[in-house]
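What follows is calculated from the coordinates using simple rules that are stated; it is not laboratory data. Note that the structure is a prediction, hence the values are computed from the model and not measured. Positions of Cβ are generated from backbone atoms using ideal geometry, with glycine treated the same way; all protein chains shown enter the neighbour counts.
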Amino acid sequence: MTVIASPRSFGRILLGVILIGVFLSLACAPFLFPGTRALDTAARICVFIAFVASYDLLLGYAGIVSFAHTIFFGFGAYGVAITSAQMGRSFEALGLGAVLGVMGAVALAAVIGLFSLRVRAIFFAMITLAVASAAAVLVSQMSALTGGEDGLTFQIPKGLTSAAIYASEPVFGVRLTGKIANYYVIFAVSLGLIALMLRIVNAPFGRVLQAIRENEFRAEAIGYRVVGYRVAVTCLSAAFAAMAGALYAIWLRYVGPDTVLSFGIMIDVLIMTVIGGMGTIYGAVIGTVLFMLARSYLQDVMGSLGAVVPDYPVLAALLNPDRWQLWIGVLFVLSIYFFPNGIVGRLRGGGPKPR
Amino acid sequence: MTEGAAPAPVHTLPIRVGLVQRIGEWAPYLLVPCVIVAGLLVMAMQAALPPDQWLIPALFGGPFWLDLPSAMLGVLASWTTLTLAGLAMGMMIFLMASGLTLVFGLMDVVNFGHGAFISVGAFVGVSAMLALSAWTGAPSLSLNLAAVGLSAAAAMGVAGGLGLVFERVIVRPVYGAHLKQILVTVGGLIIVEQLIQMVWGPDEIFLARPHALKGSIVFHGVALETYRLLAVAVGLAVLTSLLVLLRWTKIGLIVRAGVENGEMVEAMGYRLRRVFVLVFVAGSALAGLGGILWALYQETITASMGGDLMVLVFIVIIIGGLGSVEGCFIGALLVGLMQNYTAFLEPKLALVSNIGLMVVILMWRPQGMMPAAKGR
């Protein structure tokens, strides 16, 4: 292969190619990858790209480490679930639930932000960790409203389920059911959210956030209200996370503490953000796709590798398919050491380093 | 501080400390008995007894528990049990949190992977206990205690060793960068949890306490669980030795000075980084001890127990004030007591009540009750 440009711009071109590839595969997912499991993976990828990008807004652009982001995700998801369960299946219920969820998330984010963003980053991280686990406990206790540990199963409008058929003939060998319509709703909304977030971070607002991240005192000295900006970005990212949560609930038609509020999800999101690249938004796309594919297919690869080395018990145990998180964890730590800007930062080359 | 009429010409400004200030210094210590008494009051109120049935005899009578109606005796009995449980839990959390708070104070390093040492200590200790099952099953107190002691030593040793590796591999490359520290130590926690699942399997392990630590001592009709007494004793012993070590030895002096002003200590020629490694390892070992004690308390262990306990540990070190052993101790007792009283009164709110406690204390003292790390 001949290098036609400097490595730096080559990386940028590669990044562009990857992003376009991801976009096209997600846009054509129902036709390219038939089968319910593939469609499910694609929908989860769409939802988590939006969720991870909203976390990147917080972590990458504002330098705020929060472990409470799942609460906002949960607000959106439970908002949709509770309104649908109370009002019956209708688009109004979905819309109202999403709006209520977003409003609740923003209100809570404002409270958390005003109370605790004045303290240092470490304190904030610890406080959010405690608040997140308390929220998960509360949700599983208020079983009258939230269904408790079992969660809520609810119905969505028929037009979004596989009961609805939109074309009598299959298109490219795929029957156009409501399930596919549902997928495209999720795809379109996620795309809109990503576009909006890109707009926000490339606006002056995003530059101020980066300035605060790089040097809080200097930003304050120039005349920006640091706390105000931090609260604002916390509220914004809470709103985006709640929207992603609403989409997730619509896709799954179920919410439960383990699916939307668990600490494990928070850790997954953290890993996706960091591996993809903090402070880039595009990193959310690449990190999420990699992580989701790894979750689905790394286990198969490890299983077949483990079958090759049954004579070495330690190696076989390390390659046990259940241990895929171990390798993700190792990758996570290594990427913080060697690629602090993640895959996207690496491909772009240079750029500002997050602290 | 009422002084005599002795003239003091050297002092132009009389140094008089106001009452509020003097109480304020001791307020954190007073908070523990306050919470204990508040717990009794709330429990009595919940039992819906008018206070004259017990308050007046309690204030004016001698051995007032003899005159109390039997319902009140029941409240007193459960209050005593809960208080002991809260103190025991507080002691265990203190063991887990003390190392973390010192590590932070000394090097401004926060270790979100501290929970890994708790889990590892618990798993190693439980394995040792299972290996010593001949001793733990024997109806002899000394053999049982020897088994517990040996497994605690094993837990501390392995957790300390892991701490050494953790410090070298995970923490050292990211000194001075908080965001990276948080991320990398979370990564370390994931890796250690997965390794535990690899070695011990993904399922939870159940264990039985040694024979002599199972029952309870009945004292004036109040059942005091033996194991909780042991936990309180161990916690007090560790606290005392830590305080003695910090107060009266040279290494303790260096640690305290390092917490207060690290640059100055380094300027005097001490390699604070070596001291830091020592503290990190000791803190990991203490977390391992806390882990095995917690495992014996709950009688079941999972790989994620350390991560779950970190929530309480963080609350404790936040309300105690980062870098302070005493603050950490008081914070741990408050959290343990609060958790047990609330769990008795309204089980749903146990964790929420501790968050409330944290919010109240942070509003009172934003740096925590007795912060030791100054100017950070």
Phi-derived 3J(HN,Hα) across the range B:228-239 with the Karplus relation (6.51, -1.76, 1.60, θ = phi - 60°), rounded Hz, x for Gly and Pro, is 5, 4, 4, 4, 4, 4, 4, x, 5, 4, 5, 4
Which residue, B:R228, B:R365, B:R271, has the most motion in a Gaussian network model of chain B that connects Cα atoms within less than 10 Å? B:R271
Counting other C-beta atoms within 10 Å, and keeping those with at most 13, which DSSP coil chymotrypsin sites (Phe, Trp or Tyr not before Pro) do you find in the range B:142-209? B:Y175
Looking only at aspartates and glutamates whose Cα falls under 20 Å of B:K348's and that sit 8 or more positions away or on another chain, we get A:E149, A:D150, A:D258, B:D308
Burial order of peptide ranges A:322-331, A:222-231 (average beta-carbon count within 10 Å, highest first): A:322-331, A:222-231
Computed from the beta carbon distance with a Förster radius of 25 Å, FRET efficiency for A:A144 and A:M103 to the nearest 0.05 stands at 0.70
Distribution output for the range A:60-134: share of Cα-Cα pairs per 10 Å bin in percent, first bin at 0, values 20, 41, 24, 13, 2
Which ³J(HN,Hα) values in Hz, rounded to whole numbers, follow from the phi angles of the range A:28-39 under the Karplus curve 6.51 cos²θ - 1.76 cosθ + 1.60, where θ = phi - 60° and Gly and Pro get x? 10, 3, x, 9, 6, 10, x, x, 5, 5, 5, 5
Once you sort the root eigenvalues of the Cα gyration tensor of chain B as a ≥ b ≥ c, which label holds: rounded (a/c under 1.5), prolate (a/b larger than b/c) or oblate (the other case)? oblate
Calculate for the protein assembly as shown the 222 nm mean residue ellipticity that helices alone would give, adding -39,500 (n - 2.57) per DSSP H run of length 4 or more and normalising by residue count, nearest 500 deg cm²/dmol. -23500 deg cm²/dmol
Can you pull the percent of Cα pairs in the range A:29-280 with separation above 24 Å? 47 percent
Can you give me the three principal axis dimensions of the protein assembly as shown from its C-alpha atoms, in Å, biggest first? 95, 63, 60
Using a Gaussian network model of chain A with C-alpha springs under 10 Å, which one of A:A77, A:A130, A:A317 is most mobile by mean-square fluctuation? A:A317
Among B:G323, B:G187, B:G99, which one shows the biggest mean-square fluctuation in a GNM of chain B, springs joining Cα atoms closer than 10 Å? B:G187
Cα-based shape type of the range B:270-344, given that a ≥ b ≥ c are square roots of the gyration tensor eigenvalues and the cut on a/c is 1.5: oblate
Using alpha carbons only, how many angstrom separate the centre of the range A:135-190 from the centre of the range B:253-327? 47 Å
Identify, among A:A188, A:T128, A:L108, the residue whose Cα sits farthest towards the positive end of the charge dipole of the range A:97-221, taking +1 on the Cβ of Lys and Arg and -1 on the Cβ of Asp and Glu, with the dipole about the Cα centre. A:A188
How well do other chains shield peptide A:331-338, expressed as the mean number of their Cβ atoms within 10 Å of each residue Cβ? 5
